[in-house]
Amino acid sequence: MTNVILLGPPGAGKGTQAKTLSDRTSLIHVASGDLFRAALREGTELGMLAKSYMDRGGLVPNEVVIRMILERIDRPDCSLGVIFDGFPRTSEQAVALDAAMAEHNNHIDAVLYLRVPKDVLLRRIAGRQTCKTCGATFNIYYFPSHRPGICDACTGKLYQRSDDSIETAEHRLDVYFELTMPLIEYYQRQGILHEIDGQREISLVTEAMLLALKINPELTATSKE
Ligand code: AMP
């Protein structure tokens, strides 16, 4: 079993890379932001609570996100290993995750830190578009869909996340640098941090991540595709 954390600022490509890694391995993609957005679509209490924080680009309180994630990874599909995307984001969340893992005689094997400069992040976030139907992502600056507003994969409608406006994006980056950056040192001390250059082409980033996990990229190229 392998448990991996993808660490990096909003816009670093964690979601895109986590989906690919999950497709090419047996690991389950657990994205805290996706879980909140799903709860919001379903109109649950959790969704309503999260929305007030997400809209402002702030963080949902630790106890709420920790409970949600621990419930998710307790489900049987996660028994083969998990890719955490967007969690943990604070030292308190990291400590809670380590404790929960230890309770199950489990641990985090690797933390992949996607490093991308701030100016690139802002363009990536503000240009990001997501398909309403299949969740595929595009970027109006870097890889636009062939037909504006229409998903190349399934012809679904593309939308911009409400927290991807430039003002909210700047705030999310500030929050990241203040609260999430300390985690880099936390995992460095544990000797499990791998720094990946997140500015390279998407497929090269994937390859670097697989190599960091000691998985031969060629052996996984077609596993679930
Ligand atoms: P993301 O999709 O990871 O960019 O997350 C979108 C928003 O969900 C964030 O800006 C936060 O408001 C909230 N969120 C996601 N993950 C966490 C977390 N681990 N801790 C607190 N808030 C979170």
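The values are calculated or read from the model by the stated rules, or taken from the named source; none is laboratory data. Here the structure is a predicted model, which means the values were calculated and not measured. Methodologically, a virtual Cβ is constructed for each residue, glycine included, from the backbone with ideal geometry; neighbour enumeration extends over all protein chains shown. These area figures cover heavy atoms from the full protein model, side chains too; ligands, DNA and RNA do not enter into them. Shrake-Rupley method; radii C 1.70, N 1.55, O 1.52, S 1.80 Å.
Tell me, what HN-Hα J-couplings in whole Hz come from the Karplus equation 6.51 cos²θ - 1.76 cosθ + 1.60 at θ = phi - 60° for each residue of segment 145-150, using x for Gly and Pro?
Calculated HN-Hα couplings, in order: 5, 5, 10, x, x, 10 Hz.
Convert each backbone phi in segment 89-94 into a coupling constant with the Karplus relation 6.51 cos²θ - 1.76 cosθ + 1.60 (shift: θ = phi - 60°), then list the ³J(HN,Hα) values in order as whole Hz, x for Gly and Pro.
My calculation for segment 89-94 gives 10, 9, 4, 4, 5, 5 Hz in order.
Counting Lys +1, Arg +1, Asp -1, Glu -1, what net charge surrounds Gln160 among other residues with beta carbon under 15 Å of its beta carbon?
On the way: positive: Arg37, Arg123, Arg124, Arg128, Lys132, Lys157, Arg161, Arg172; negative: Asp55, Asp163, Asp164, Glu167.
It works out to a net charge of +4.
Let me cross-check Asp34: its accessible surface, 1.4 Å probe, with only protein heavy atoms counted, in Å² to the nearest 10?
Answer for Asp34: close to 70 Å² accessible.
Among Glu92, Glu170, Glu45, whose mean-square fluctuation peaks in a Gaussian network model of the chain (Cα, cutoff 10 Å)?
Highest fluctuation of the listed residues: Glu45.
Going by the alpha-carbon gyration tensor, a ≥ b ≥ c the square roots of its eigenvalues, is segment 155-225 rounded (a/c under 1.5) or, if a/c is not under 1.5, prolate (a/b greater than b/c) versus oblate?
On the way: a/c = 2.94, a/b = 1.16, b/c = 2.54.
It is oblate, given that a/c is not under 1.5 and a/b is not larger than b/c.
Mind running the shape call on segment 142-190? Use the C-alpha gyration tensor, a ≥ b ≥ c as the square roots of the eigenvalues: rounded below 1.5 for a/c, prolate if a/b tops b/c, oblate otherwise. Spell out each step's value before the answer.
Numbers: a/c = 4.18, a/b = 2.17, b/c = 1.92.
Prolate is the answer for segment 142-190, as a/c is 1.5 or above and a/b outweighs b/c.
Note down the net charge around Gly8, summing +1 for each Lys or Arg and -1 for each Asp or Glu among other residues with Cβ under 13 Å from its Cβ.
Result for the neighbourhood of Gly8: +3.
Anything over 22 Å Cα to Cα? Flag those among Lys118/Lys157; Lys19/Lys132; Lys118/Lys214, in the order listed.
From Lys118/Lys157; Lys19/Lys132; Lys118/Lys214, over 22 Å: Lys118/Lys157; Lys118/Lys214.
From the residues Ala100, Asn3, Tyr159, which one has its Cα farthest along the dipole of segment 1-159 in the positive direction, the dipole being from +1 and -1 charges on Cβ of Lys/Arg and Asp/Glu about the Cα centre?
Tyr159
For a quick check, take a GNM of the chain with Cα springs below 10 Å and name the residue from Gln93, Gln188, Gln17 with the largest mean-square fluctuation.
Of the options given, Gln188 has the highest mean-square fluctuation.
Report the residue, chosen from Arg147, Arg128, Arg24, that carries the largest GNM mean-square fluctuation when the chain is represented by alpha-carbon nodes joined by springs under 10 Å.
Result: Arg147 has the largest fluctuation of those listed.
If you rank Tyr142, Tyr159 by how much accessible surface each has, with a 1.4 Å probe, what is the order from largest down? Mind showing how you got there, number by number?
Details: Tyr142 105, Tyr159 70 Å².
I get Tyr142, Tyr159, largest accessible area first.
Just to check I understand the Karplus step: with θ = phi - 60° and J = 6.51 cos²θ - 1.76 cosθ + 1.60, what whole-Hz values come out for segment 26-39, glycine and proline as x?
Going residue by residue, I get 9, 7, 8, 7, 10, 10, 4, x, 5, 5, 5, 5, 5, 5 Hz, with x marking Gly and Pro.
Given R₀ = 25 Å, FRET efficiency for Gln160-Arg200 by Cβ-Cβ distance, to 0.05?
Using R0 = 25 Å, I get an efficiency of 0.50.
Which residues' amide hydrogens lie under 5 Å from the amide hydrogen of Asn3, considering only partners 5 or more residues apart or on another chain, with H built in the peptide plane?
So Asn3 has HN proximity to Val82, Asp109, Ala110.
Indicate the gyration tensor shape class of the chain (rounded, prolate or oblate), computed on the Cα atoms with a ≥ b ≥ c the square roots of the eigenvalues: a/c under 1.5 is rounded; otherwise a/b larger than b/c is prolate and the rest oblate. Please report the intermediate quantities before stating the final value.
Working: a/c = 1.36, a/b = 1.14, b/c = 1.20.
In terms of gyration-tensor shape, rounded.
Quick one: pull the percent of accessible area on segment 1-149 belonging to carbon and sulfur, 1.4 Å probe, ligands and nucleic acids left out.
C and S atoms contribute 53 percent here.
Treat segment 1-134 as a sphere of radius equal to its Kirkwood radius over Cα pairs and apply Stokes-Einstein at 37 °C in a medium of 0.692 mPa s; give the translational diffusion coefficient in µm²/s, rounded to a whole number.
Calculated translational D: 210 µm²/s.
Keeping every protein chain present and rolling a 1.4 Å probe, give me the accessible area per residue for segment 67-142 in Å².
Ligands and nucleic acids excluded, the figure is 49 Å² per residue.
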